[in-house]
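The values are calculated or read from the model by the stated rules, or taken from the named source; none is laboratory data. No experiment lies behind these values; they were computed from the predicted model shown. We place every Cβ from the backbone using ideal geometry, glycine too, and count neighbours over all the protein chains shown.
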Amino acid sequence: KALTSMDMMLKGKAHINILDIVRFVWKGYLFFCIQLYFHFGFKRCGQMVMCPAPANTMLCLYHCPPLSPLTLQFKGQANLHVFEDWCGTSTADLRKNLHYPLYPHSRTTVQKLAVSPQWTNYGLRIFGYLHPYTDGDFVFAVSSDDNSELWLSTDQSPLNVQLLAWVGNTGTEWTAPGEFEKYASQTSRPVRLSAQKRYFFEVIHKQNDRGTDHVEVAVSAPFRFTVIESKHISLYVDESDLRMSYVTHIPQTAASHEHTSSKQRRAAVDMLREDPRDTLYQVHLINSKFLQGILPDCTYNPTYTIKDYPLLRYQGLQFVQLSYIYPNDYTRLTHMEGENTCFYPESSYYKKIYGFYRYMRFDRPETHKKGNGDRGILVFIFISICLHNQTMLFSTSDLAFGECQILPLQKDLDNHINSDKMSTRGKTFKKESYLRGEWDHAGEEDGDHNRTESRGNATRGDSDSMWEQQGDMAMDPDEEDLTPAPVFDTRVNWNQTFQVNHLDLQSRRSDWIDLSCNVSGNLLLNPSDALTVVYAFMDRLNEKHKGRFTLVRVLNVVKRVDGYRGSRYLLELELKDANGQLLRLTHYIYTLIRHNPLRNQDFIFERSQPQLVLCNPVGFRWNPDATVHFIVPVKNQARWVQQLITDMEEVFRETGDSNFNLIITDYGSTDMDVEQVLQKSSLPRYQYVKLSGNFERSAGLQAGIDLIHDDHSIVFLCDLHIHFPSSIVDTIRKHCVEGYMAFAPIVLRLNCGSTPSDARGYWEVNGFGLLGIYKSDLDAIGGMNTREFRERWGGEDWELLDRILQGGLEVERIYLRNFFHHYHSKRGMWNRKMSASQT
């Protein structure tokens, strides 16, 4: 308005009073300040006036009372301290640095909590204030290569910081960009924050000389994480005018000192952490009468069963699929993954050359943001110059001033040229070329391609011009130039930020068994899928029983996908009844897919969107009282037989479940009296049968099967060298359904020198020798094949699998926590004999 009024005034007046000019300039300045004020937004205590953050973000930037100009200056940034030339991969290595935390190599700022300098052997310390937009509980997450830590204070004081989340503490842990759920420690507990306060935060990151360097902090949105943007952070202190020797302002917190958090002293392997699934058997089961009539009955007939289908030998492996699990049980062996891991979709060669940069999109230099604060001044300088020359053509869009131009100073030009010479960054030029191609592949604008390409060309051009200048210099042929050639260090953009989405690698996995990948663990069920079914079932349960039960927590959900007819769910919930008693619900339900035909205006039937109908699969019900028989054939393995008996005694001691039976079939062991050891044990039930001849696994298992007279009990075909979780009996019962389903859990085969306490090994993804099945179903398919597998073993499990599938049963296949196969050699086992000593 001020500019328009001035334009009209100039058209009507030949001479201008200097007071009029000052008055209109002042109006323009006030207008600019008001626009800037409302751009950032403010909040009055108790009354929301404006929030600059989009509706789908989690945090918003403001203080109460309204922001002062000094506070606005600190918004949108956080302090960044860089410690260069320091090897190591863990945050403990960074704390060993003599200069940490007071004397970094450089002090700068960063505009979002996602940084990737593309450099090697350095450490970062990012700190400032976090500004929540509302009162509520927030879950934070951190992702990095290599280790990192996220600390958050209970208020604005650095003295009250607490460790919320971290990526490893040994230096071997790392994540891909945007991968927030690889380790259990990456996500924090829910943290209660208030919109009336600001909270001091600190991020510590250590990078070595390998991998794709990055660190990012995110906050939970529904079912996913989003990186914390500039709107949500502010500086702890403005260091732009402070000398590097001035350090009294640098916060020293609990994160600054060399230590190992008590939280980080817990089990290094996520699978060994405490999980409520492991002790679910301790909770009293809900009375089955409360589950009757909750859902309408339906026939359970999945499309993936292949009854009477003619299979080739061992072809049944192709018809077994994995089930999905919720919540994360951390069966993925992250501690066994190197940088070249089969869990990530890229090839090992691709990751070795290019890393994970294709998951990232680097931000452009935020020059326009820095210029916003000076635009108002430039406008007024421009007006003054143009009024002085009395030649003007006003255009306020993007500060295009028409014929009136402002020429840069020679000093500014020199600085610009020098900065271009130093603009090349990254570990190698080859990496920049890759980034350029990946941005194009990811859908980045052409401007990014041109900008990156021009940066590389500018560097080469500067190098060429330097040689040309040296060639054009007039020199006396008798003189020799002894001036050393200039050496330029690579300029590192420490505050280079990037964009990244929540990387959900689980959603890209297939439920087909990947025999080439033995570290991946269970497929994870999307939380929205699991919770939708849980809440729908709870609504029907409380509708039937008038709100008698309250959902305490979701302990376990197992989904077997059938995309044509409907999926099966096993719900395991912890409930509280009206009397306050905790109860366990473990129940199978079925979600049928129904298509209701619709008729349009032309009376043509069209297929509608599918509808999911929850129902009770008739006959598909597990028996919590079924007896489980563990059958183990042995021969001359005294130490392992003793260990097996000891482990089974421990299972009985911890669970109190006496409804299982250990059957040992012994091929004439001479190194111990197996029957006598069983008699002295505290096992509730056992059976012993002595066999003669050479060791035959199939025949030994069948001999144990023949001892079972209850056809409605469960047979678990077992191995000698197994470590069982305490919940093994309950787990086998839940996943075996008579007439419908057998259970083949995947065991973790330990490495040489490894124990269940460190769990270093690989999943036995192609083995089906550990199998639970009802005796009636096993008898119906003919039992063990003792004719073909008499003098040999290996392959008998795959042959049995073929017959189970042809019998119309399905096989539940999941990775089982704390289920280990001890390492052992084949020396002296079964029918092997010692060779004569060589001289």
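Worth pointing out:
- Screening residue 583 on (1) in contact (Cβ under 8 Å) with a residue 24 or more places away in the chain; (2) out of contact with any His (no Cβ under 9 Å at 6 or more places or on another chain); (3) over 30 Å from residue 321 (Cα atoms) shows it passes everything except condition (2).
- The numbered conditions (1) over 20 Å from residue 694 (Cα atoms); (2) crowded, with 16+ Cβ neighbours inside 10 Å are all true for residue 632 except (1).
- Filter pass, residue 759 being on the phi > 0 side of the Ramachandran plot and either of a type in the set (A, V, I, L, M, F, W, C) or at pLDDT 95 or above (or both): yes
- Qualifying positions in the stretch 283-317 - assigned to a loop (DSSP other than H, G, I, E, B), in contact (Cβ under 8 Å) with a residue 12 or more places away in the chain and over 28 Å from residue 806 (Cβ atoms): 283, 284, 286, 293, 294, 295, 296
- Of all residues in the stretch 295-312, those satisfying the criterion of being out of contact with any Cys (no Cβ under 8 Å at 6 or more places or on another chain) and not β-branched (Val, Ile, Thr) are 300, 301, 302, 304, 307, 308, 309, 310, 311, 312.
- Residue in the stretch 686-699 that is within 22 Å of residue 740 (Cβ to Cβ) and either outside the structural domain of residue 787 (by TED's automatic domain parsing) or touching a residue at least 24 places away in the same chain (Cβ under 8 Å) (or both) present: no
- Residues located in the stretch 131-170, provided they are of a type in the set (D, E, K, R), in contact with a Gly (Cβ under 8 Å, 6 or more places away or on another chain) and in a strand (DSSP E or B): 145
- Inspection of the stretch 275-294 identifies at least one residue that is at pLDDT 90 or above and within 30 Å of residue 160 (Cα to Cα).
- Residue selected from the stretch 529-539 under the condition of a type outside the set (Gly, Ala, Ser) and surrounded by 13 or more Cβ atoms within 10 Å (Cβ to Cβ), by the criterion farthest from residue 612 (Cα to Cα): 538
- Residues of the stretch 543-563 include at least one that is of a type in the set (Gly, Ala, Ser) and either within 30 Å of residue 183 (Cα to Cα) or within 30 Å of the chain's Cα centre (by Cα) (or both).
- Those strands (runs of 3 or more DSSP E) of the stretch 76-130 in which 3 or more residues are at pLDDT 90 or above, under 24 Å from the mean Cα position of the chain (by Cα) and under 18 Å from residue 250 (Cα atoms) occupy 122-130.
- Per the listing 186, 162, 118, the residue uniquely buried (at least 18 other Cβ atoms within 10 Å of the Cβ) and either over 29 Å from residue 346 (Cβ atoms) or out of contact with any helix residue (DSSP H, G or I) (no Cβ under 8 Å at 6 or more places or on another chain) (or both) is 186.
- Residue among 314, 350 that is over 28 Å from residue 727 (Cα atoms), surrounded by 12 or more Cβ atoms within 10 Å (Cβ to Cβ) and either of a type in the set (S, T, N, Q) or modelled with pLDDT under 90 (or both): 350
- Among the candidates 248, 260, residue that is polar (S, T, N, Q), surrounded by fewer than 22 Cβ atoms within 10 Å (Cβ to Cβ) and at pLDDT 90 or above: 248
- Restricted to the stretch 133-159, and to residues there that are without any contact (Cβ under 8 Å) to a residue 60 or more places away in the chain and surrounded by fewer than 20 Cβ atoms within 10 Å (Cβ to Cβ), the residue that is nearest to residue 327 (Cα to Cα) is 137.
- Pairs with Cβ under 8 Å, 6+ apart, first in the stretch 731-746 and at positive phi, second modelled with pLDDT of 95 or more and acidic (Asp, Glu): 739/777
- Candidate set: the stretch 757-796, residues that are buried (at least 20 other Cβ atoms within 10 Å of the Cβ) and of a type in the set (D, E, K, R); chosen: the one farthest from residue 710 (Cα to Cα): 796
- Test: residue in the stretch 597-604 that is surrounded by 11 or more Cβ atoms within 10 Å (Cβ to Cβ), at pLDDT 65 or above and not acidic (Asp, Glu): no
- Hits in the stretch 188-209 (condition: assigned to a strand (DSSP E or B) and out of contact with any Ser or Thr (no Cβ under 8 Å at 6 or more places or on another chain)): 191, 192, 193
- Of all the listed residues (526, 522, 542), the sole one being on the phi < 0 side of the Ramachandran plot and either in contact with a Leu (Cβ under 7 Å, 6 or more places away or on another chain) or surrounded by 19 or more Cβ atoms within 10 Å (Cβ to Cβ) (or both) is 522.
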